[in-house]
Amino acid sequence: MRTTALFVLAGISAFSLWRLGDVERERYALILGMCRDQSILGLDANCLETVEPRKSRLWDIYYGLLE
């Protein structure tokens, strides 16, 4: 029972870190202005899903945790 709980918590933590990396990647891309568009909002949502402003996802997680 204890090992199952540990695996579940590890999975939840990994998923949370992955999502934190996604949010930080999108935030940093918006700050840099990498996804500007000519629309009313001024940004391209499809670009935010694929843009990679940093070299590694680990940097996104690092800056997401510390900033």
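Worth pointing out:
- Heavy-atom surface analysis with a 1.4 Å probe gives the chain a carbon and sulfur content of 63 percent of its accessible area.
- Per residue of the chain, the DSSP helices (runs of n ≥ 4 H) give a summed -39500 (n - 2.57) that works out to -23000 deg cm²/dmol at 222 nm.
- Whole-number accessible area per residue in Å² for the chain, which is evaluated in the context of all protein chains at 1.4 Å: 81
- Under a 5 Å amide H cut-off, with hydrogens placed 1.01 Å from N, Leu43 pairs with Asp37 among residues at least 5 apart or on other chains.
- Take each peptide in 6-15, 19-28, 56-65, 43-52, count the other Cβ atoms within 10 Å of every residue, and average; sorted highest first, the result is 19-28, 56-65, 43-52, 6-15.
The values are calculated or read from the model by the stated rules, or taken from the named source; none is laboratory data. These numbers were taken from a predicted model, which means no experiment stands behind them. Backbone-built Cβ (ideal geometry, glycine too); neighbour counts: all protein chains shown. Just the protein is used for accessible areas: all its heavy atoms, side chains included, with ligands, DNA and RNA removed. Shrake-Rupley method; radii C 1.70, N 1.55, O 1.52, S 1.80 Å.
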